[in-house]
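The values are calculated or read from the model by the stated rules, or taken from the named source; none is laboratory data. These numbers come from a predicted model, not from an experiment. Cβ placement follows ideal geometry from the backbone for every residue including glycine, while neighbour counts extend to all protein chains displayed.
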Amino acid sequence: MTNAYTPPSVRFLDSLLAFRTFVGRSGQRLQGFLRKLGIQRSYIMVNTFLFGVLGQFDNTLRLVSTEPPILQYRNMLLDRIAKESPIVAVVTIGAGARHAAEQWSGAAAYPVFELVHPAAPQGLVLPNWNQHLSLLHDAIPPDEGAPVDLSPYGGEFAAADEAPIPRFDLPFGVPAWHGTGGGRSRREGPNTILWAAP
(Lines give C-alpha, C1' and ligand atoms only; values in the text may rest on other atoms or scores of the structure.)
Protein backbone atom coordinates (compact mmCIF):
# COMPACT_ATOMS: atom_id res chain seq x y z
CA MET A 1 0.00 0.00 0.00
CA THR A 2 2.88 2.40 0.49
CA ASN A 3 3.39 2.69 -3.26
CA ALA A 4 -0.30 3.06 -4.12
CA TYR A 5 -1.36 6.11 -6.07
CA THR A 6 -4.95 7.27 -5.92
CA PRO A 7 -5.67 9.89 -8.58
CA PRO A 8 -8.06 12.72 -7.86
CA SER A 9 -11.57 11.31 -7.99
CA VAL A 10 -14.30 13.25 -9.71
CA ARG A 11 -17.19 10.88 -9.21
CA PHE A 12 -18.47 11.91 -5.82
CA LEU A 13 -21.84 12.85 -7.25
CA ASP A 14 -22.39 9.18 -8.08
CA SER A 15 -21.88 8.30 -4.41
CA LEU A 16 -23.89 11.25 -3.10
CA LEU A 17 -26.90 10.36 -5.23
CA ALA A 18 -26.68 6.71 -4.22
CA PHE A 19 -26.11 7.32 -0.49
CA ARG A 20 -23.40 4.67 -0.85
CA THR A 21 -19.65 4.81 -1.27
CA PHE A 22 -18.04 3.18 -4.32
CA VAL A 23 -20.73 3.56 -6.97
CA GLY A 24 -18.81 4.72 -10.07
CA ARG A 25 -16.17 2.78 -12.00
CA SER A 26 -14.09 2.10 -8.86
CA GLY A 27 -17.16 0.76 -7.10
CA GLN A 28 -18.10 -1.46 -10.00
CA ARG A 29 -14.57 -2.88 -10.05
CA LEU A 30 -14.83 -3.52 -6.31
CA GLN A 31 -18.28 -5.10 -6.78
CA GLY A 32 -16.70 -7.40 -9.37
CA PHE A 33 -14.01 -8.35 -6.84
CA LEU A 34 -16.69 -9.20 -4.27
CA ARG A 35 -18.53 -11.25 -6.91
CA LYS A 36 -15.36 -13.32 -7.50
CA LEU A 37 -15.34 -14.11 -3.77
CA GLY A 38 -19.02 -15.10 -3.82
CA ILE A 39 -19.99 -12.10 -1.71
CA GLN A 40 -23.32 -10.81 -2.99
CA ARG A 41 -25.01 -9.34 0.09
CA SER A 42 -22.84 -9.92 3.15
CA TYR A 43 -20.81 -6.72 3.19
CA ILE A 44 -20.96 -3.20 4.48
CA MET A 45 -18.95 -0.28 3.14
CA VAL A 46 -17.95 2.67 5.28
CA ASN A 47 -16.11 5.74 4.03
CA THR A 48 -13.29 7.34 6.05
CA PHE A 49 -15.28 10.60 5.97
CA LEU A 50 -18.99 11.24 5.53
CA PHE A 51 -18.27 12.23 1.93
CA GLY A 52 -15.57 11.43 -0.59
CA VAL A 53 -12.55 13.72 -0.63
CA LEU A 54 -10.85 15.07 -3.71
CA GLY A 55 -7.22 14.03 -4.12
CA GLN A 56 -4.72 11.93 -2.25
CA PHE A 57 -5.14 10.90 1.37
CA ASP A 58 -2.23 13.07 2.47
CA ASN A 59 -0.93 14.34 5.83
CA THR A 60 -3.57 17.07 5.95
CA LEU A 61 -6.42 14.59 5.50
CA ARG A 62 -4.75 12.23 7.96
CA LEU A 63 -4.90 15.01 10.58
CA VAL A 64 -8.50 15.89 9.70
CA SER A 65 -9.41 12.20 9.95
CA THR A 66 -8.25 12.12 13.57
CA GLU A 67 -9.96 15.32 14.72
CA PRO A 68 -12.08 14.29 17.72
CA PRO A 69 -15.57 14.82 16.22
CA ILE A 70 -14.71 12.86 13.08
CA LEU A 71 -12.71 10.12 14.78
CA GLN A 72 -15.26 9.62 17.57
CA TYR A 73 -18.21 9.51 15.18
CA ARG A 74 -16.51 7.08 12.79
CA ASN A 75 -15.38 4.79 15.62
CA MET A 76 -18.85 4.90 17.20
CA LEU A 77 -20.32 3.87 13.84
CA LEU A 78 -17.80 1.05 13.42
CA ASP A 79 -18.41 -0.14 17.00
CA ARG A 80 -22.15 -0.26 16.35
CA ILE A 81 -21.69 -2.16 13.09
CA ALA A 82 -19.45 -4.69 14.86
CA LYS A 83 -21.97 -5.09 17.68
CA GLU A 84 -24.97 -5.62 15.41
CA SER A 85 -23.41 -7.51 12.48
CA PRO A 86 -21.53 -10.79 12.13
CA ILE A 87 -18.21 -9.26 11.05
CA VAL A 88 -15.53 -11.79 10.10
CA ALA A 89 -12.91 -9.51 8.51
CA VAL A 90 -12.03 -5.88 7.81
CA VAL A 91 -11.00 -5.07 4.24
CA THR A 92 -9.51 -1.63 3.70
CA ILE A 93 -9.61 -0.04 0.25
CA GLY A 94 -6.77 2.46 -0.08
CA ALA A 95 -4.71 4.55 2.32
CA GLY A 96 -7.63 6.45 3.90
CA ALA A 97 -9.45 3.26 4.84
CA ARG A 98 -6.27 1.68 6.15
CA HIS A 99 -5.71 4.75 8.33
CA ALA A 100 -9.31 4.63 9.61
CA ALA A 101 -8.91 0.95 10.54
CA GLU A 102 -5.67 1.73 12.36
CA GLN A 103 -7.53 4.36 14.42
CA TRP A 104 -10.34 1.93 15.39
CA SER A 105 -9.50 -0.27 18.37
CA GLY A 106 -12.17 -2.78 17.31
CA ALA A 107 -10.15 -3.77 14.24
CA ALA A 108 -7.85 -5.78 16.50
CA ALA A 109 -10.61 -8.40 16.84
CA TYR A 110 -10.58 -9.23 13.12
CA PRO A 111 -8.16 -10.11 10.37
CA VAL A 112 -7.44 -6.93 8.37
CA PHE A 113 -6.73 -7.06 4.65
CA GLU A 114 -5.35 -4.06 2.77
CA LEU A 115 -6.46 -3.68 -0.84
CA VAL A 116 -5.09 -1.08 -3.21
CA HIS A 117 -7.78 1.43 -4.22
CA PRO A 118 -9.35 0.46 -7.57
CA ALA A 119 -8.63 3.92 -9.02
CA ALA A 120 -4.87 3.43 -8.56
CA PRO A 121 -2.79 2.35 -11.57
CA GLN A 122 -3.79 -1.13 -12.65
CA GLY A 123 -0.20 -2.32 -12.31
CA LEU A 124 -0.57 -1.77 -8.55
CA VAL A 125 -4.22 -2.81 -8.15
CA LEU A 126 -4.35 -6.11 -9.99
CA PRO A 127 -1.32 -7.87 -8.43
CA ASN A 128 -2.54 -6.78 -4.99
CA TRP A 129 -6.08 -7.99 -5.67
CA ASN A 130 -4.82 -11.29 -7.12
CA GLN A 131 -2.72 -11.82 -3.99
CA HIS A 132 -5.77 -11.26 -1.79
CA LEU A 133 -8.29 -13.45 -3.64
CA SER A 134 -7.32 -16.69 -1.86
CA LEU A 135 -6.57 -14.97 1.44
CA LEU A 136 -9.99 -13.34 1.55
CA HIS A 137 -11.72 -16.50 0.34
CA ASP A 138 -10.16 -18.37 3.26
CA ALA A 139 -11.26 -15.69 5.74
CA ILE A 140 -14.74 -14.79 4.49
CA PRO A 141 -17.31 -17.46 3.63
CA PRO A 142 -19.20 -16.84 0.39
CA ASP A 143 -22.90 -16.11 0.51
CA GLU A 144 -25.03 -19.25 0.30
CA GLY A 145 -25.42 -20.39 -3.29
CA ALA A 146 -23.13 -17.69 -4.68
CA PRO A 147 -20.60 -18.84 -7.28
CA VAL A 148 -16.91 -18.31 -6.51
CA ASP A 149 -14.28 -17.55 -9.16
CA LEU A 150 -10.75 -17.22 -7.80
CA SER A 151 -9.16 -17.03 -11.24
CA PRO A 152 -6.63 -14.18 -11.25
CA TYR A 153 -7.11 -10.89 -13.02
CA GLY A 154 -5.15 -10.28 -16.20
CA GLY A 155 -2.79 -7.37 -16.81
CA GLU A 156 -5.63 -4.84 -16.94
CA PHE A 157 -9.28 -4.64 -15.97
CA ALA A 158 -11.67 -6.10 -18.53
CA ALA A 159 -15.33 -5.11 -18.83
CA ALA A 160 -16.28 -8.50 -17.36
CA ASP A 161 -14.28 -7.67 -14.21
CA GLU A 162 -16.80 -4.97 -13.29
CA ALA A 163 -20.20 -5.67 -11.77
CA PRO A 164 -23.16 -3.32 -11.48
CA ILE A 165 -24.02 -2.04 -8.04
CA PRO A 166 -26.92 -4.22 -6.80
CA ARG A 167 -30.29 -2.47 -6.90
CA PHE A 168 -30.95 -3.38 -3.25
CA ASP A 169 -27.87 -1.31 -2.39
CA LEU A 170 -29.24 1.85 -4.02
CA PRO A 171 -32.11 4.08 -2.88
CA PHE A 172 -35.57 4.11 -4.41
CA GLY A 173 -35.88 6.48 -7.33
CA VAL A 174 -32.30 6.38 -8.56
CA PRO A 175 -32.33 5.71 -12.34
CA ALA A 176 -31.82 2.07 -13.34
CA TRP A 177 -28.53 2.91 -15.07
CA HIS A 178 -26.99 4.48 -11.96
CA GLY A 179 -24.20 2.25 -10.62
CA THR A 180 -23.60 0.68 -14.05
CA GLY A 181 -21.26 1.39 -16.94
CA GLY A 182 -18.61 3.26 -14.97
CA GLY A 183 -18.84 6.70 -13.43
CA ARG A 184 -21.59 9.01 -14.63
CA SER A 185 -20.33 12.30 -13.24
CA ARG A 186 -17.34 14.47 -14.00
CA ARG A 187 -15.98 17.80 -12.85
CA GLU A 188 -15.68 20.80 -15.09
CA GLY A 189 -13.72 23.30 -13.09
CA PRO A 190 -13.96 23.87 -9.35
CA ASN A 191 -17.68 24.71 -9.26
CA THR A 192 -19.38 22.41 -11.78
CA ILE A 193 -20.15 18.70 -11.72
CA LEU A 194 -21.93 17.16 -14.72
CA TRP A 195 -24.04 14.03 -14.33
CA ALA A 196 -24.71 12.33 -17.66
CA ALA A 197 -27.41 9.82 -18.51
CA PRO A 198 -26.42 7.09 -21.00
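What the table below lists for this structure:
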item	result
Members of region 57-105 that are aliphatic (A, V, I, L, M), within 23 Å of PRO141 (Cβ to Cβ) and in contact (Cβ under 8 Å) with a residue 24 or more places away in the chain	LEU78, ILE81, ALA82, VAL88, ALA89, VAL91, ILE93, ALA97
Residue match in region 77-93 (condition: within 19 Å of THR21 (Cβ to Cβ), modelled with pLDDT of 95 or more, among the polar types (S, T, N, Q) and in contact with a strand residue (DSSP E or B) (Cβ under 8 Å, 6 or more places away or on another chain))	yes
Residue in region 81-102 that is assigned to a helix (DSSP H, G or I), farther than 25 Å from GLY155 by Cα and of a type in the set (S, T, N, Q) present	no
Single residue of PRO111, PRO175, PRO198, PRO190 found to be touching a Gly at 6+ places or on another chain (Cβ under 7 Å), farther than 16 Å from LEU30 by Cα and without any contact (Cβ under 8 Å) to a residue 60 or more places away in the chain	PRO198
Every pair of residues 6+ apart whose Cβ atoms lie under 8 Å, when the first sits in region 152-163 and is within 19 Å of GLY24 (Cβ to Cβ) and touching a residue at least 60 places away in the same chain (Cβ under 8 Å) while the second is assigned to a loop (DSSP other than H, G, I, E, B) and of a type outside the set (A, V, I, L, M, F, W, C)	ASP161/TYR153; GLU162/GLY182
Residues satisfying the stated conditions in region 156-198, i.e. at pLDDT 95 or above and in contact with a helix residue (DSSP H, G or I) (Cβ under 7 Å, 6 or more places away or on another chain)	GLU156, PHE157, ASP161, GLU162, ALA163
Some residue of region 66-87 being touching a Phe, Trp or Tyr at 6+ places or on another chain (Cβ under 6 Å), under 18 Å from GLY27 (Cβ atoms) and surrounded by 13 or more Cβ atoms within 10 Å (Cβ to Cβ)	no
